[in-house]
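Only one structure is covered here, and it is reproduced in the block below.
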Amino acid sequence: MITLFRIDDRLLHGQVARSWTRRYRINKIIIINNEVANDEFSKMTLCLAKPKEVELKFSEVSKCAQLLYACEQSQERVMCIVNSFSDANLVIPYIPRIKTINIGGLRNKGEKNVIQITGAVILCKKDIQIAHQWFQQEIEVEIRQIPGEKELKLKEVLRNEKDIDCSSHA
């Protein structure tokens, strides 16, 4: 089953690999990313970050449906990682039981109209619109880089910032 669904623009790194896999007893990680799925060097580099007892798989966004369905039906404890809200939004329909999305880190990738939510999370207007869609589907979005941190509920942050105008943040 998909135990943890995470958005992190760095995908897999030591902090994620060690702390989250330990906390949730993860035995398989699936990275869903078009670029990485087609780049052997990137795959090799990401393999170095995983614990040796954890299986690591890669998939393109458009080809992940069967893999995720199989994981949902299995007894394996799976962490699924994407690197953007847009990719997450494409993947979520294949995981109907998803109730929570974890955001680890999202840096600004050169977009102008952004808002800094935390030191590690910067969202653009499109990300916020996608988050509101998830809220309507009763999917909780929480921000935590590591399991030991206090979770920050994105819905509460956005509620407190009712009139977020991303154009005023750089």
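Selection of first residues in the range 97-118 that are on the phi < 0 side of the Ramachandran plot and in contact (Cβ under 8 Å) with a residue 12 or more places away in the chain and of second residues that are of a type in the set (S, T, N, Q) and surrounded by fewer than 13 Cβ atoms within 10 Å (Cβ to Cβ), restricted to Cβ pairs under 6 Å at least 6 apart or on distinct chains, gives the following pairs, ordered by first then second residue: 113/167.
Looking at the range 85-96, can you tell me whether even one residue there is in contact (Cβ under 8 Å) with a residue 40 or more places away in the chain and part of a loop (DSSP other than H, G, I, E, B)? There is at least one residue in the range 85-96 that is in contact (Cβ under 8 Å) with a residue 40 or more places away in the chain and part of a loop (DSSP other than H, G, I, E, B). Can you tell me which residues in the range 100-156 are β-branched (Val, Ile, Thr) and outside any loop (DSSP other than H, G, I, E, B)? 100, 101, 103, 114, 115, 121, 122, 128, 130, 141, 143, listed by residue number.
The condition of being in contact with a Cys (Cβ under 7 Å, 6 or more places away or on another chain), modelled with pLDDT of 95 or more and either among the hydrophobic types (A, V, I, L, M, F, W, C) or more than 28 Å from residue 43 (Cβ to Cβ) (or both) holds for only one of 114, 91, that being 91.
Scanning the range 46-75 for residues that are open to solvent by 30 Å² or more (accessible area, probe 1.4 Å), part of a helix (DSSP H, G or I) and either at pLDDT 95 or above or more than 16 Å from residue 12 (Cβ to Cβ) (or both) gives 62, 63, 65, 66, 67, 69, 70, 73. For beta carbons closer than 6 Å, sequence separation of 6+ or different chains, a first residue in the range 142-170 that is over 18 Å from residue 115 (Cβ atoms) and a second that is at pLDDT 90 or above and open to solvent by 80 Å² or more (accessible area, probe 1.4 Å), the qualifying pairs are 147/23. Residues being in contact (Cβ under 8 Å) with a residue 60 or more places away in the chain and not polar (S, T, N, Q) are entirely absent from the range 36-58.
The number of residues in the range 18-45 that are more than 24 Å from residue 90 (Cβ to Cβ), in contact with a strand residue (DSSP E or B) (Cβ under 9 Å, 6 or more places away or on another chain) and surrounded by 15 or more Cβ atoms within 10 Å (Cβ to Cβ) comes to 2.
The values are calculated or read from the model by the stated rules, or taken from the named source; none is laboratory data. Predicted model, so just to flag it, every value in this text is computed and none were measured. FYI the Cβ positions are ideal-geometry reconstructions off the backbone, even for glycines, and counts take in every protein chain you see. What goes into the accessible areas is simple: the full protein's heavy atoms, side chains included, and nothing from ligands, DNA or RNA. Shrake-Rupley method; radii C 1.70, N 1.55, O 1.52, S 1.80 Å.
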